[in-house]
Amino acid sequence: MRRLASVLAASVLVLTGCGLPQHDPEVTFYANGKAIRVEPAVYCDIEGENCAERTKPAKLKVPAGKVVQISVDGRLADGIWEAVFLYRDAAGNEQTTGTGLLGKGEDFTYTVSLPNKTDQLLGIEIHEAAAAVLETGQPLLRGYWAVEVSA
């Protein structure tokens, strides 16, 4: 009888767990000895519709020449994602670069390293693709995570 009660209790936990609200994926950024977990700034359903603005960009201090390690939630890594970086080069010009498409269950992390030690990172965005595709063939954006960087 005791064994049956524990099996029934476990079954109730499994069934009630299905009704729990699902947490949006988070992205962790680590630099200069500090890690921050970031919720999506904007997040939509899988079709790229019903979008809601969630949070403002997070802030992270990263001195020039230092790297930032990015770790994405397993749900992002199973899909398609990319990282886009804004930085200021030694001449004072703002430049944008990125990773290209990552994910498909293979890419859970990425390390941002700028071309020159004097380059100053200004911001990072992580983009998640939705199931829909634009007319150009590019994936529709489902959500993005943003970090503003200061020296």
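The values are calculated or read from the model by the stated rules, or taken from the named source; none is laboratory data. If you're wondering where the values come from, they're calculated on a predicted model, not measured in any experiment. Here the Cβ positions follow ideal geometry from the backbone for every residue, glycine too, while neighbour counts run over all protein chains shown. Surface accessibility is based on the protein's heavy atoms, side chains included, excluding ligands, DNA and RNA. Shrake-Rupley method; radii C 1.70, N 1.55, O 1.52, S 1.80 Å.
Below is a table of values for the structure above.
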item	result
Boolean, E125 is in contact with a Phe, Trp or Tyr (Cβ under 7 Å, 6 or more places away or on another chain), under 19 Å from E39 (Cβ atoms) and part of a strand (DSSP E or B)	yes
Restricting region 56-75 to residues that are over 29 Å from G105 (Cβ atoms) and surrounded by fewer than 16 Cβ atoms within 10 Å (Cβ to Cβ), the residue that is modelled with the lowest pLDDT	K56
Filtered residues of region 84-112 (kept if polar (S, T, N, Q), under 19 Å from P63 (Cβ atoms) and either surrounded by 15 or more Cβ atoms within 10 Å (Cβ to Cβ) or under 16 Å from the mean Cα position of the chain (by Cα) (or both))	T111
Flag if T55 is assigned to a loop (DSSP other than H, G, I, E, B), in contact (Cβ under 8 Å) with a residue 40 or more places away in the chain and polar (S, T, N, Q)	no
Qualifying residue in region 74-92 (condition: of a type outside the set (D, E), under 16 Å from A31 (Cα atoms) and part of a loop (DSSP other than H, G, I, E, B))	no
Within region 128-148, considering residues that are open to solvent by 30 Å² or more (accessible area, probe 1.4 Å) and of a type in the set (D, E), the one nearest to I70 (Cα to Cα)	E148
So N50, is it farther than 27 Å from H23 by Cα, more than 13 Å from the chain's Cα centre (by Cα), open to solvent by 30 Å² or more (accessible area, probe 1.4 Å) and not charged (D, E, K, R)	no
Residue check for E125: open to solvent by 50 Å² or more (accessible area, probe 1.4 Å), under 11 Å from the mean Cα position of the chain (by Cα) and touching a residue at least 40 places away in the same chain (Cβ under 8 Å)	yes
